[in-house]
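These notes concern the structure reproduced below.
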Amino acid sequence: MSKVFSLLSLMLILICCQTNPLKVDVSGIDLTITLKRLDQDIFKVTADNMRLKIPELQQKYGSFFDAYNLNVLALGDPADPMYASYLNTFLKDSVRIATGMKIDSAFKDLTVIQKQIEEGFRHYKYHFPDSKIPQVITIVSGFNQSVVMTDDAIGISLDNYLGADCPFYKSLALPAYKREHMSAEKIPTDILYAWGISEFPFDERNNNLLSQMVYQGKMIYFMDAMFPDQPDHLKIGYQPEKLEWCKKNEAAMWTYLIEHKLLFSSDRMNMIRLINPAPFTSIFSADSPGRAGIWIGWQIVKKYMKKNPRITLPQLMADNDYQKILNESGYLPEE
């Protein structure tokens, strides 16, 4: 009996050690996300029905419709007398028509994506119960920005998620490291990441490499909390083999940053090399992923939260003392 008891105790310890504290029960949170299809509605406008349809779109999409036309399509204010003519030119463009057809084919049913977005915002509501939940609007941007934000809405550009092999992207000569993220599976994480950035902006008073790394690490940890069941490569936007490279070379990367005294550098180029999207992180290896500094920042934040289990996600997101987070994490990767 003592052997059985010991075995059960060991199993319980192992289970407890493996429990993900971010894997919380959100089944009781009453939240429904309805995707509004501006990408489809705008192509229902024709030269014959513009006087009727444009006011309908303004009514349905509110201030987002104005922001979309001004900042994404660059067609100007819908109240401008010339707007109808500009919109008609946009809608008749052969590439826009082909894009619309491709979107209709690729995104006939958004149920799975809608449920994943909903699940992400349920986790958001769990951790931040008093926070607002935005409308989610699907758009076509003409291969412009993927995510568009207003105060109460977030737009996701479906023409930027048609798959890495989409011929439109190749004709635009988009590099492979950008195309590999332009698939439908990235939509939910991109939406929640963009919303997190808008809710928890970077503290510009502490602008050095360490601050950028830890801030971005906090944002990926935020994604851990929003999507505890999603694979890591979707949260950070790496191919799985690039994640493995980071794990194998973690200690070497950290040693390089320490030995070259880069952590507290405010040099803009150092931050670009380690934080900005790129085919690889140039100060390391051509086999490394781009933005390797963000991956290191993520490990620092995970170590900090594991070492300080009483700190809540809202407390972490409100804490802009990036050096303190490093110091209290005890982060020191081993060879």
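Look at (1) surrounded by fewer than 16 Cβ atoms within 10 Å (Cβ to Cβ); (2) more than 29 Å from M219 (Cα to Cα); (3) touching a Gly at 6+ places or on another chain (Cβ under 7 Å) and you find that F43 fails only one, number (1). Taken over region 301-312, the residue count meeting the criterion of being in contact (Cβ under 8 Å) with a residue 60 or more places away in the chain and crowded, with 24+ Cβ neighbours inside 10 Å is 1. If only residues of region 96-125 that are crowded, with 18+ Cβ neighbours inside 10 Å and among the hydroxyl-bearing types (S, T, Y) are counted, the one that is modelled with the lowest pLDDT is T99. The single condition among (1) modelled with pLDDT of 95 or more; (2) farther than 30 Å from A164 by Cβ; (3) touching a helix residue (DSSP H, G or I) at 6+ places or on another chain (Cβ under 9 Å) that D203 does not satisfy is (1). Scanning region 194-234 for residues that are buried (at least 21 other Cβ atoms within 10 Å of the Cβ) and touching a strand residue (DSSP E or B) at 6+ places or on another chain (Cβ under 9 Å) yields a single hit, W195. When the criteria are applied in full, Y169 fails the requirement of being crowded, with 21+ Cβ neighbours inside 10 Å and of a type in the set (F, W, Y).
When residues in region 264-283 are screened for being among the aliphatic types (A, V, I, L, M), in a loop (DSSP other than H, G, I, E, B) and in contact (Cβ under 8 Å) with a residue 60 or more places away in the chain, 1 of them pass.
Among the residues that make up region 166-176, is at least one of them within 23 Å of L75 (Cβ to Cβ), hydrophobic (A, V, I, L, M, F, W, C), in the same structural domain as I42 (by TED's automatic domain parsing) and not in a helix (DSSP H, G or I)? Within region 166-176 (the criterion being within 23 Å of L75 (Cβ to Cβ), hydrophobic (A, V, I, L, M, F, W, C), in the same structural domain as I42 (by TED's automatic domain parsing) and not in a helix (DSSP H, G or I)), the answer is yes, since at least one residue qualifies. Contact annotation: residue pairs with Cβ atoms under 6 Å, 6 or more positions apart or on different chains, pairing a residue in region 215-236 that is in contact (Cβ under 8 Å) with a residue 40 or more places away in the chain and among the hydroxyl-bearing types (S, T, Y) with a partner that is crowded, with 23+ Cβ neighbours inside 10 Å and assigned to a helix (DSSP H, G or I), are Y221/V301. The residue of region 208-251 that is modelled with the lowest pLDDT, among those that are β-branched (V, I, T) and under 19 Å from E180 (Cβ atoms), is I236. In the set (1) touching a strand residue (DSSP E or B) at 6+ places or on another chain (Cβ under 8 Å); (2) assigned to a loop (DSSP other than H, G, I, E, B), H181 fails one condition alone, (1).
Taken together, the residues in region 312-330 that are over 15 Å from N20 (Cα atoms), under 25 Å from the mean Cα position of the chain (by Cα) and of a type outside the set (S, T, Y) amount to 11. Restricted to region 199-251, the set of helices (runs of 4 or more DSSP H) holding at least 2 residues that are of a type outside the set (S, T, N, Q) and closer than 23 Å to L262 by Cβ comprises 209-226, 240-248.
Within region 87-108, is there a residue that is within 16 Å of the chain's Cα centre (by Cα), under 18 Å from K44 (Cβ atoms) and outside any helix (DSSP H, G or I)? No, because not a single residue in region 87-108 is within 16 Å of the chain's Cα centre (by Cα), under 18 Å from K44 (Cβ atoms) and outside any helix (DSSP H, G or I).
The values are calculated or read from the model by the stated rules, or taken from the named source; none is laboratory data. Because the structure is predicted, anything quoted here is derived from the model rather than measured. Heads up, the Cβs are rebuilt from the backbone with ideal geometry, glycines too, and the neighbour counts pull from every protein chain shown.
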